[in-house]
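Colleague: A single structure is presented below for examination.
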Amino acid sequence: MMKARVTVTLKNGVLDPQGKAIQHALSSLGFSGVEDVRQGKLIELELSGSDREKARAELEAMCEKLLANTVIENYSIELV
């Protein structure tokens with residue numbers, strides 16, 4: 001069994017209203033040194049099998065088809 005982490009973030013230049021809301025809230029709480037916030041998501045998966053190359057290829061397909069909107073989002077895959 002393998003574990004994988006997929007991190008999905010908005011591409012540079014794409015507006016991030018959630019990031020701005022977080023930045024504003026942090027400022028309201030007295031954290032004035034935060035210049036910018038970009039919000040993303042972390043997806044953890046448990047995969048059967050031990051073939052890391054096959055797992056990476058399947059994860060790429062999962063990201064391209066469902067986990068990330070590749071028009072506006074980037075993703076990275078980590079097998080742990």
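Colleague: Residue check, LEU79 against (1) closer than 12 Å to ALA4 by Cα; (2) open to solvent by 60 Å² or more (accessible area, probe 1.4 Å); (3) among the aliphatic types (A, V, I, L, M), all met but one. Which one?
Modeller: Checking LEU79 against (1) closer than 12 Å to ALA4 by Cα; (2) open to solvent by 60 Å² or more (accessible area, probe 1.4 Å); (3) among the aliphatic types (A, V, I, L, M), the one that fails is (2).
Colleague: Return the only residue of THR9, THR70 being out of contact with any Leu (no Cβ under 9 Å at 6 or more places or on another chain), part of a strand (DSSP E or B) and at pLDDT 95 or above. Reasoning before the result, please.
Modeller: Numbers: THR70 fails: part of a strand (DSSP E or B).
Exactly one of THR9, THR70 is out of contact with any Leu (no Cβ under 9 Å at 6 or more places or on another chain), part of a strand (DSSP E or B) and at pLDDT 95 or above, namely THR9.
Colleague: Which ones in region 2-32 are surrounded by 14 or more Cβ atoms within 10 Å (Cβ to Cβ) and not aliphatic (A, V, I, L, M)?
Modeller: Residues satisfying the conditions are ARG5, THR7, THR9, ASP16, GLY19, LYS20, GLN23.
Colleague: Taking the condition of being under 20 Å from the mean Cα position of the chain (by Cα) and not in a loop (DSSP other than H, G, I, E, B), how many residues in region 34-59 meet it?
Modeller: Step one: of region 34-59, the residues under 20 Å from the mean Cα position of the chain (by Cα) are 36-47, 55-59.
Remaining after also requiring not in a loop (DSSP other than H, G, I, E, B): 40-47, 55-59.
So the count comes out to 13.
Colleague: Looking at this structure, is SER32 modelled with pLDDT under 95 and in contact with a helix residue (DSSP H, G or I) (Cβ under 9 Å, 6 or more places away or on another chain)? Step through it out loud before you land on a result.
Modeller: Values: modelled with pLDDT under 95: yes; in contact with a helix residue (DSSP H, G or I) (Cβ under 9 Å, 6 or more places away or on another chain): yes.
So SER32 passes the test.
Colleague: What tally of residues in region 33-63 results from selecting those that are free of Cβ contacts under 8 Å to residues at least 12 places away in the same chain and open to solvent by less than 100 Å² (accessible area, probe 1.4 Å)?
Modeller: Residues in region 33-63 being free of Cβ contacts under 8 Å to residues at least 12 places away in the same chain and open to solvent by less than 100 Å² (accessible area, probe 1.4 Å): 6 in total.
The values are calculated or read from the model by the stated rules, or taken from the named source; none is laboratory data. As the structure is a prediction and not an experimental result, all values here were calculated from the model. Note that each Cβ is placed from the backbone with ideal geometry, even for glycine, and that neighbours are counted across all protein chains shown. The area values use the complete protein model at the heavy-atom level, side chains included, leaving out ligands, DNA and RNA. Shrake-Rupley method; radii C 1.70, N 1.55, O 1.52, S 1.80 Å.
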